[in-house]
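Some notes on the structure that comes next.
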Number of protein chains: 2
Amino acid sequence: MKQPLEGIKVLDFSRVLAGPYCTMLLADMGAEVIKIERPESGDDTRHFGPFQNGESGYFMFLNRGKKSIEMNLKDPSDRESLMRLIKEADVIVENFRPGVMKSLGLDYESLKEVNKGLVYCSISGFGQYGPLTKRPAYDLVAQAMGGIASITGHPDNPPTRSGASIGDMSAALYAAYGVMVALFHRERTGIGQAIDVAMVDTIFSLLEHNVMRYTSEGVVPERIGSRHPISAPFDVYESKEGSIVIATANDPLFVKLCKVMNTEHLLDDERFKTDILRGENEAELKVFIEEWLSNYTADEAVELISEAGVPCSTILNIAEISESDHIKEREMLLEVEHPVAGKTRIPGNPVKLSATPVKVTSPSPALGEHNDMIKNLMKSE
Amino acid sequence: MKQPLEGIKVLDFSRVLAGPYCTMLLADMGAEVIKIERPESGDDTRHFGPFQNGESGYFMFLNRGKKSIEMNLKDPSDRESLMRLIKEADVIVENFRPGVMKSLGLDYESLKEVNKGLVYCSISGFGQYGPLTKRPAYDLVAQAMGGIASITGHPDNPPTRSGASIGDMSAALYAAYGVMVALFHRERTGIGQAIDVAMVDTIFSLLEHNVMRYTSEGVVPERIGSRHPISAPFDVYESKEGSIVIATANDPLFVKLCKVMNTEHLLDDERFKTDILRGENEAELKVFIEEWLSNYTADEAVELISEAGVPCSTILNIAEISESDHIKEREMLLEVEHPVAGKTRIPGNPVKLSATPVKVTSPSPALGEHNDMIKNLMKSE
């Protein structure tokens with residue numbers, strides 16, 4: 001069966017992370033993604049570590065299945081070729097600082113004149129409009145300003161960035177959903193449109209009920225480590241050997257947990273009668289739990305607690321999750337043969353489609369590997 | 001202009017966060033989302049805080065613009081009505097533990113017999129197949145197992161959960177992208193399909209280059225607070241009054257930073273010549289930066305550093321970002337009139353579409369508010 005986005009042509013002006021991850025999500029589904037790169041140096045991430053045989057793992061992961069054309073966006077001859085590509089494109093994705101595409105005459109208002117069905121997606125730190133539109137941003141800035149850093153980490157430590165660039169990644173995800181909504185709409189109406197996604201907005205959107213705590217009750221959520229604001233036991237606990245998480249968000253789960261720990265007397269303890277009381281007396285509850293845990297390794301404890309139906313897990317590092325049976329069976333690491341790097345393992349796509357499963361068929365392109373496309377395009381006219 | 005998903009009917013069996021956020025993303029774009037709720041009690045989140053006039057803010061935010069029908073999925077008469085709804089549905093979203101929908105005879109294999117174009121999306125902790133499929137999961141478990149907790153937090157502290165439920169939220173986002181891809185494919189081919197999204201997989205996907213550090217170079221990333229693995233200054237710094245983040249990920253930005261701090265002598269300092277060296281000597285560099293910062297408040301410093309073109313920000317708490325001019329101008333908090341709660345502010349949608357902007361036209365439904373739909377459905381036959 002054909003891939004879902006077969007026939008969809010994406011011109012990708014984006015660099016580094018948020019834009020390239022968005023277009024990777026489109027390429028994974030069968031879209032033809034043509035990466036427009038600066039001559040000679042290309043996307044910055046070609047020069048970022050980690051490296052495998054001199055090839056950037058950062059770049060290989062994000063750009064699998066794409067084509068690469070070198071273009072100087074200010075060169076008249078390159079621009080002539082570019083405009084032919086734009087006329088045939090279905091989607092454009094870019095993540096320059098707002099104003100850059102306009103200064104190049106490549107903003108949506110200009111391009112819709114030559115291609116009225118175009119879906120044009122811009123990703124930036126602060127958006128195409130708004131009081132901070134011109135400010136530079138990196139992921140850390142989006143996490144700090146968007147509110148999530150203020151609630152991540154332990155109470156007696158400074159605010160903390162998530163260990164992954166969730167500002168970029170969430171912007172890419174919202175953008176991919178936006179592009180697909182716009183393509184669906186275009187399919188039914190023929191009408192294209194511009195999409196504007198800001199990293200600060202997407203971080204703010206990830207906050208979920210924390211925003212409602214403020215707008216409904218006037219509470220300003222604070223850092224509470226791994227705990228849950230309204231229930232317990234819900235935290236990291238120490239076993240005889242290694243830490244585990246236990247997530248007990250309601251009374252029935254607490255009953256199950258007490259049964260497996262043989263501490264059913266806790267069910268009659270006034271301090272632990274409800275989610276709220278358990279939250280208030282969490283430190284005392286932790287003593288009972290860790291006393292029981294001291295008899296087991298982390299793996300043994302997780303086995304017992306899971307069997308009882310209570311959500312829990314060991315805390316896996318990147319090597320452990322990467323080598324787990326779960327990731328293997330779910331095909332969340334794909335092996336790709338890269339002409340320079342050799343066999344490479346890159347993250348798969350977590351959306352498992354029954355009729356049109358994602359197939360990653362080619363590795364990331366060499367810089368300018370598809371420059372010939374342009375010559376052929378000119379010949380064919 | 002019509003909303004992009006006008007005419008798309010979504011039957012929503014999902015509860016709590018991941019599923020309801022996915023269907024909210026569809027409702028925001030004009031889909032008709034019919035929430036199938038357990039009679040009398042409904043979605044668990046109707047009883048979660050925070051509350052405004054007794055209405056759950058948690059529920060109001062996630063379920064704006066949806067309809068609510070009470071159904072007992074085991075009752076023969078309710079099931080007859082349900083099957084009529086299923087025949088007319090375009091999309092089903094559910095987030096029960098794998099196996100539950102099958103035990104109810106409502107799995108994809110059964111339902112595609114009555115509706116071959118159906119797009120059927122399942123969200124779960126560990127997926128519909130795989131070694132851990134039957135295990136219960138909450139967000140904390142997905143964050144711990146998926147690897148992100150191991151790299152979030154300070155080196156001398158335990159692994160940390162992100163302050164928001166990014167396991168649920170990322171699963172919802174990947175699911176929304178998957179549903180849109182499948183709807184686009186169906187539009188062109190008439191073929192429906194099942195979609196399987198697991199929270200552990202989506203957390204693993206958010207790890208971005210951290211996975212490549214392991215697969216390309218064998219490095220196991222560790223907790224480094226807010227710092228960047230390959231550059232500096234990139235961290236939280238203390239000003240005269242309050243903390244700020246500065247994100248300097250390359251040499252040109254470091255030059256700009258030194259100019260604004262009047263510390264150009266640092267550019268000739270061997271310890272700070274390259275990203276890697278600055279990373280290695282980050283503690284010494286921090287002394288110079290905080291010495292300069294001690295002359296300014298956080299706001300003053302951010303103004304000066306931003307002007308110089310270096311990404312930086314104060315660290316906003318949930319109240320500060322919610323009340324910011326940025327969120328106001330970007331319409332990231334919407335005012336909705338709820339019949340019980342009154343005026344309520346709920347998070348907006350970060351995808352800004354030029355031709356078909358998101359309009360949130362109705363508040364979350366009362367439990368069973370649309371039960372009459374069923375009667376009318378029966379009459380019309």
*Select, from A:Ser170, A:Ser110, A:Ser150, A:Ser162, the only residue that is assigned to a helix (DSSP H, G or I), in contact with a Ser or Thr (Cβ under 8 Å, 6 or more places away or on another chain) and either over 25 Å from A:Phe61 (Cβ atoms) or of a type outside the set (A, V, I, L, M, F, W, C) (or both).*
A:Ser170
*Which one of the conditions (1) more than 7 Å from every other protein chain (Cβ to nearest Cβ); (2) farther than 21 Å from A:Ile148 by Cα does A:Ser243 fail to meet, given that it meets all the rest?*
(1)
*Determine which single condition A:Asp201 fails, assuming it passes every other condition in (1) in a helix (DSSP H, G or I); (2) more than 7 Å from chain B (Cβ to nearest Cβ).*
(2)
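So that you can scan it fast, the table gives a plain yes or no per residue for (1) under 22 Å from A:Ser322 (Cα atoms); (2) among the aliphatic types (A, V, I, L, M):
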{"residue": "B:Gly192", "(1), (2)": "no, no"}
{"residue": "B:Asn210", "(1), (2)": "yes, no"}
{"residue": "B:Val245", "(1), (2)": "no, yes"}
{"residue": "B:Pro252", "(1), (2)": "no, no"}
*Quick one: B:Phe272 ticks every box in (1) surrounded by 15 or more Cβ atoms within 10 Å (Cβ to Cβ); (2) within 10 Å of another protein chain (Cβ to nearest Cβ); (3) not polar (S, T, N, Q) except a single one, so which number is it?*
(2)
*Hits in segment A:220-256 (condition: among the hydrophobic types (A, V, I, L, M, F, W, C) and open to solvent by 50 Å² or more (accessible area, probe 1.4 Å))*: A:Val220, A:Ile224, A:Ile230, A:Val255
*asked:* Among the residues of segment B:178-209, what is the count of those that are in contact (Cβ under 8 Å) with a residue 40 or more places away in the chain and either surrounded by fewer than 24 Cβ atoms within 10 Å (Cβ to Cβ) or not β-branched (Val, Ile, Thr) (or both)?
replied: 16
_For a quick check of your reading of the model, give me the residue pairs whose first member lies in segment B:6-22 and is farther than 23 Å from B:Gly57 by Cβ, whose second is outside any loop (DSSP other than H, G, I, E, B) and aromatic (Phe, Trp, Tyr), with beta-carbon atoms closer than 9 Å and at least 6 apart or on different chains._
B:Ile8/A:Phe184
_Some residue of segment A:70-82 being part of a loop (DSSP other than H, G, I, E, B) and either over 29 Å from B:Pro311 (Cβ atoms) or in contact with a strand residue (DSSP E or B) (Cβ under 7 Å, 6 or more places away or on another chain) (or both)_ = yes
*Looking at A:Glu337, A:Glu369, which is the one that is surrounded by fewer than 16 Cβ atoms within 10 Å (Cβ to Cβ), at negative phi and modelled with pLDDT of 95 or more?*
A:Glu337
*Any residue in segment A:241-268 that's in contact (Cβ under 8 Å) with a residue 40 or more places away in the chain and part of a helix (DSSP H, G or I): show its pairings with residues that are crowded, with 16+ Cβ neighbours inside 10 Å and of a type in the set (Phe, Trp, Tyr) at Cβ separation under 9 Å, as long as the two are six or more apart or on different chains.*
A:Val260/A:Trp292
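One line per residue, one yes/no per condition, for (1) of a type outside the set (Lys, Arg); (2) buried (at least 23 other Cβ atoms within 10 Å of the Cβ); (3) modelled with pLDDT under 95; (4) assigned to a loop (DSSP other than H, G, I, E, B):
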| position | (1), (2), (3), (4) |
| --- | --- |
| B:Ser14 | yes, yes, no, yes |
| B:Leu26 | yes, yes, no, no |
| B:Gly30 | yes, no, no, yes |
| B:Val33 | yes, yes, no, no |
| B:Ser41 | yes, no, no, yes |
| B:Arg46 | no, no, no, no |
| B:Gly49 | yes, no, yes, yes |
| B:Phe59 | yes, yes, no, no |
| B:Ser68 | yes, yes, no, no |
*Of the residues A:Lys2, A:Lys74, which is touching a residue at least 12 places away in the same chain (Cβ under 8 Å), among the charged types (D, E, K, R), within 14 Å of chain B (Cβ to nearest Cβ) and more than 28 Å from B:Leu207 (Cα to Cα)?*
A:Lys2
*Answer yes if at least one residue in segment B:349-360 is surrounded by fewer than 16 Cβ atoms within 10 Å (Cβ to Cβ), under 18 Å from B:Phe61 (Cα atoms) and not assigned by TED's automatic domain parsing to the domain that holds B:Ala249, and no otherwise.*
yes
*Do the conditions hold for B:Leu5, that is, is it assigned to a loop (DSSP other than H, G, I, E, B) and open to solvent by less than 10 Å² (accessible area, probe 1.4 Å)?*
yes
_Given (1) over 20 Å from the mean Cα position of the chain (by Cα); (2) in contact (Cβ under 8 Å) with a residue 24 or more places away in the chain; (3) more than 10 Å from chain B (Cβ to nearest Cβ), number of the condition A:Ser124 does not satisfy_ = (1)
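Matching residues to (1) at pLDDT 95 or above; (2) facing another protein chain (nearest Cβ under 7 Å); (3) under 30 Å from A:His47 (Cβ atoms); (4) open to solvent by 10 Å² or more (accessible area, probe 1.4 Å):
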| site | (1), (2), (3), (4) |
| --- | --- |
| B:Leu111 | yes, no, no, no |
| B:Val119 | yes, no, no, no |
| B:Ala176 | yes, yes, no, no |
| B:Val211 | yes, yes, yes, no |
| B:Tyr214 | yes, yes, yes, yes |
_So A:Gly105 ticks every box in (1) open to solvent by 10 Å² or more (accessible area, probe 1.4 Å); (2) in contact with a strand residue (DSSP E or B) (Cβ under 7 Å, 6 or more places away or on another chain); (3) away from chain B (no Cβ under 14 Å) but one. Which box is left unticked?_
(2)
*Could you tell me which residue of segment B:131-152 is surrounded by the most Cβ atoms within 10 Å (Cβ to Cβ), considering only residues that are facing chain A (nearest Cβ under 7 Å) and at pLDDT below 95?*
B:Tyr138
*Answer yes or no as to whether B:Ile166 is within 7 Å of another protein chain (Cβ to nearest Cβ) and open to solvent by 20 Å² or more (accessible area, probe 1.4 Å).*
no
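The values are calculated or read from the model by the stated rules, or taken from the named source; none is laboratory data. What you are looking at is a predicted structure, and each value in this text was computed from that prediction instead of being measured. With ideal geometry, Cβ positions are generated from the backbone for all residues, glycine too; neighbour counts draw on all protein chains shown. The protein model used for the area step is the full one, side chains on, heavy atoms only, and it has no ligands, DNA or RNA in it. Shrake-Rupley method; radii C 1.70, N 1.55, O 1.52, S 1.80 Å.
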